[in-house]
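Please find one structure pasted underneath; my questions will follow.
The values are calculated or read from the model by the stated rules, or taken from the named source; none is laboratory data. Since this is a predicted model, take the numbers as computed values, not measurements. Every residue, glycine among them, receives a Cβ derived from its backbone with ideal geometry; neighbour counts consider all protein chains shown. When the accessible area is computed, the model is the full protein with side chains, heavy atoms only, and any ligands, DNA or RNA have been set aside. Shrake-Rupley method; radii C 1.70, N 1.55, O 1.52, S 1.80 Å.
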Amino acid sequence: MRVAVFSTKPYDERFLSRAANASAHALTFHEARLVPATASLAEGYDAVCAFVNDDLSRAVLERLADAGVRLVALRSAGFNHVDVAAAEALGLHVARVPAYSPHAVAEHALALLLALNRKIYRAYNRVREGNFSLEGLLGFDLAGKTVGVIGTGQIGRAFARMVHGLGCEVLALDPTPSPELDGIATYVERDALFAASDVVSLHCPLTPETYHLIDEGAIRRMKEGVTLINTSRGQLVDTRAVVEGLKDGRIGRVGLDVYEEEGDLFFEDLSNRVIRDDVFARLQTFPNVLVTGHQGFFTEEALTNIAATTVANLDAFEGRGGELHRVTRAMVV
Ligand code: NAI
């Protein structure tokens, strides 16, 4: 199968080439993001392989269908960036990698929480400059604190188990509670979770219902000084409201691996350019904000699994056995 791979970084090429080695698929790697202007690169290909910030709106899908593409193979679990209804109407199949390593993302959420609380990023820079003062580095014991986990799918459950192991009381919110968390977490309503949690960590998908789940009203209902962690999707959070919450002290710390407008920033080296996003720039001015550039998935194990499942999706689509991990309209909330 001829596959045009978009948004390729050297690590994508390394892991995908290794996984496709024994297969009959011919992968062509493009650094470019998939956007209307680059969709023509898919001309003559059977499939495109896309990542989280590729544009899979109706306009792009129409161009892909016209170019002869039959399969969109996502290298991600999330599919909020795909117009699935349009894909189905155009006869395009969409596949994803439903699970590759929940531990990778859950451990990154924990890393953000621990680093923020004990200000490891500030301590690292101070010590390198010979500044051994502790002023400003005061943290709190996580043991005994209450952590609210929103979304207890594979990643949320892994995270809940981790913080439970640290001695935290865990509150959970999910329309489908998981019996796996019996004895580990207590399911509560949204407002009860906001009111009681010292830490709120987001692990639900982005849907119309969860868009700006954390807005001004939600922040007002949270404990003063709350620590907010988002490793799920940027648009779960109204970043402007978070900036206001940080300014007036209602939010104590923010750890983000995702950002509302990350499509124009993340995964690229922009260190020689001017950042034009004022909200993002404002976030960077707070000493109690730690942002990473969507690296939750970035472990050896996760990349190996993403590549293996992507190639398995291509195999299954060609009828070589195995399961095609389809994204269908019924899955869109
Ligand atoms: P999952 O599908 O296993 O779990 C999602 C859970 O959220 C489900 O239990 C679902 O019932 C729940 N949920 C849905 N709507 C909700 C709502 N309104 N309130 C509370 N809970 C709700 O997904 P998984 O694998 O745990 O991934 C979670 C999210 O993590 C993904 O949707 C994706 O956005 C994000 N992610 C981030 C990565 C990163 O690199 N930072 C990598 C992989 C995923």
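Please list Met331, Met222, Met162 from largest to smallest accessible area, probe radius 1.4 Å, with all protein chains kept in place. Mind showing how you got there, number by number?
On the way: Met331 70, Met222 20, Met162 45 Å².
Largest accessible area first, the residues go Met331, Met162, Met222.
Of all accessible surface on the stretch 102-291 at a 1.4 Å probe, what whole percent is carbon and sulfur? Mind showing how you got there, number by number?
Working: 4730 of 9400 Å².
Result for the stretch 102-291: 50 percent of the exposed heavy-atom area is carbon or sulfur.
Probe of 1.4 angstrom, ligands and nucleic acids ignored: what's the accessible area per residue over the chain, in square angstrom?
47 Å²
Same structure, new question: Would you calculate the separation in nanometres between label points at Arg326 and Arg240, each defined as 7 Å from the Cα along the Cα-to-beta-carbon direction?
That separation, rounded to one decimal, is 4.1 nm.
Students often forget the sequence filter, so: which lysines lie under 18 Å Cα-Cα from Lys223 once same-chain residues fewer than 8 apart are removed?
Lys145, Lys247
Could you check the simple spin-label distance between Glu261 and Val279, using points 7 Å along Cα→Cβ, in nm with one decimal?
According to this spin-label approximation, the distance is 0.7 nm.
Let me ask something additional. Taking a label point 7 Å from the Cα of Leu41 along the Cα→Cβ vector, which residues of the stretch 13-27 have an amide N closer than 18 Å to it?
13-17, 26-27
Determine, from the Cβ-Cβ distance of Ala196 and Lys247 and an R0 of 22 Å, the FRET efficiency 1/(1 + (r/R0)^6), rounded to the nearest 0.05. Intermediate results must be reported in sequence, preceding the final value.
On the way: r = 24 Å, r/R0 = 1.10.
Computed FRET efficiency for Ala196 and Lys247 comes out at 0.35.
Using 0.36 nm per residue of separation minus the Cα-Cα distance, give me the extension gain between Leu134 and Arg2 in nm, one decimal.
So the chain would gain 41.8 nm between Leu134 and Arg2.
Same structure again: Between Arg118 and Arg220, what length in nm is gained on full extension when 0.36 nm per residue of separation is reduced by their alpha carbon distance?
Full-extension gain reported as 34.2 nm.
Compute for the stretch 99-144: radius of gyration divided by Kirkwood radius, i.e. Rg/Rh, restricted to C-alpha atoms, rounded to two decimals.
On the Cα set of the stretch 99-144, Rg over Rh gives 1.13.
Among 79-85, 100-106, how do they line up from the highest to the lowest mean number of other beta-carbon atoms within 10 Å?
Answer by packing, highest mean first, reads 100-106, 79-85.
How big is the chain in terms of Cα radius of gyration and Dmax, in angstroms?
In Å, with Rg to one decimal and Dmax whole: 20.9, 63.
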